[in-house]
Each structure stands twice: as structure tokens, then as C-alpha cells.
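To start, the structure itself, in C-alpha cells.
We did not get these values from a lab; they are worked out from the coordinates using the rules stated. Not measured: the values here are computed from a predicted model. Neighbour counts are summed over all protein chains in view; Cβ atoms, including those assigned to glycine, are modelled from backbone coordinates with ideal geometry.
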């Protein structure tokens with residue numbers, strides 16, 4: 001994931017879903033506008049459930065040239081044919097993930113609101129660093145609060161792309177786009193959008209294009 005010419009969407013799957021039903025919803029969302037990647041994020045479930053979800057959703061994304069990223073688990077990313085993995089500070093280390101996935105896979109790292117963590121990850125070779133949470137999220141209770149200024153600082157200092165995460169909606173996204181986010185990581189802002197995920201993707205793209 002190279003720095004984008006303009007901000008792009010980075011979708012994360014809902015906290016819980018039925019893969020067979022969600023597959024069509026995902027396809028409609030991806031067909032509605034530009035999406036850079038989809039991260040499969042299922043917490044506190046059996047590995048077989050994660051594998052089954054990956055097997056259903058990965059072909060939907062990859063058929064559309066959208067990267068499919070596994071959350072937390074480099075081992076499952078390799079096993080299920082994902083394009084990469086996203087690791088947090090309490091998950092597998094960047095080095096371990098890179099060794100498992102190889103030089104060509106995408107490996108992104110959560111850096112919260114820390115400039116030091118982000119610079120270390122970038123210097124180690126991370127494909128992107130993720131800052132947040134920027135806003136309150138219904139998906140999980142954030143332990144860290146990031147300010148959009150960190151995105152502007154990052155763009156001035158580093159070439160590694162940055163992802164903004166945490167409670168992002170169409171309405172509050174302009175501040176992050178203007179600050180320099182290369183990608184907006186969105187969960188409820190798309191899947192729970194009143195007019196449907198496809199409309200949300202379209203409107204996020206419109207917001208990004210207006211500021212590009």
C-alpha cells in the first residue's frame with residue numbers, strides 16, 4: 001500500500017455477521033465505489049469461524065482487485081490466502097508477521113496516538129501505520145485518543161501511508177481527509193449507514209474527491 005494520490009476507504013468487517021449473507025452486502029458495497037482493502041476482523045471466535053469467513057469473503061474482494069487483510073493473525077492470513085495482515089501492539093510483532101507472510105504481503109501496524117511507535121513501524125518496513133481512535137466508536141471502547149494533527153505531522157515526516165481509525169463517519173471524515181489520512185478505516189460508518197452500505201461507500205468517495 002503506497003501513499004495514495006487521494007484518500008481511500010479501508011473497510012473493516014462488522015463485529016459479527018453470517019458470511020453467506022454478508023457476502024452479497026460486501027459485493028454491493030465494493031461495486032459502489034473505490035475501496036482499497038477489506039479487513040476481516042472477528043474477535044473471540046473459534047479459528048474455524050475465521051477460516052470459513054475468509055474463504056467466503058476473500059474471493060469477493062480479490063475478484064475486484066481489493067486487498068483482503070486478516071486482523072491479528074499472520075498464521076491465518078497465510079493459511080487462508082489473504083493479501084496481508086494487520087497487527088496491533090498486543091498481537092504478533094511486525095517482524096514475526098513479515099517472516100510468516102514474506103516480502104510481498106501487506107503488513108500494517110496499529111500505532112494508537114504514538115509518533116514513536118509509528119516511526120519504529122515505518123522504519124522496520126510496515127506497509128502502513130494506523131492512528132486512532134479519532135472519534136468515539138460503537139465497535140470498541142478506544143483506549144487512545146488521537147488528534148488529526150498527527151496525520152499532518154506524519155505526512156510531513158514520512159512516506160509510509162497512514163490509516164485513520166475510530167468512529168469515522170461521512171460527516172466527520174473531512175477533518176481527517178484534510179489532515180492527510182491516506183486511508184479511512186470504517187466499520188459502522190458504512191455497514192450501519194441508514195441508506196445502506198453501498199450508498200455509504202459512494203458518499204465517502206464523494207467526500208474524498210471533494211477534498212482531493
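Stretching residue 155 away from residue 206 to a fully extended chain increases their span by 16.1 nm, per 0.36 nm per residue minus the current alpha-carbon distance.
For labels at residue 43 and residue 99 in the simple 7 Å Cα→Cβ model, what's the distance in nm? Reported label-point gap for residue 43 and residue 99 is 2.8 nm. Calculate the FRET efficiency for residue 23 and residue 178 from the Cβ-Cβ distance with a Förster distance of 35 Å, rounded to the nearest 0.05. Once the sixth-power term is evaluated, E becomes 0.50.
Taken over region 34-155, the ratio of Cα radius of gyration to 2.2 N^0.38 Å equals 1.07. Each of residue 115 and residue 89 was given a label point 7 Å from its Cα along the Cα-to-Cβ line. The distance between the two points is 1.6 nm.
Find the eigenvalues of the gyration tensor of the Cα atoms of the chain, then list the square roots of 5 times those eigenvalues as equivalent ellipsoid semi-axes, largest first, in whole angstrom. Show your work: numbers first, answer last.
On the way: eigenvalues 107, 95, 46 Å².
Ellipsoid half-lengths, sorted descending, are 23, 22, 15 Å.
Taken along the Cα-to-beta-carbon direction at a fixed 7 Å, the label points for residue 65 and residue 145 span 4.1 nm. Summarised in one figure, the compactness ratio Rg/Rh of region 102-200, Cα atoms and Kirkwood Rh, is 0.99.
Kirkwood-based Rg over Rh for region 137-184 (C-alpha set), two decimals?
Numbers: Rg = 10.9 Å, Rh = 11.3 Å.
Dividing the radius of gyration by the Kirkwood radius yields 0.97.
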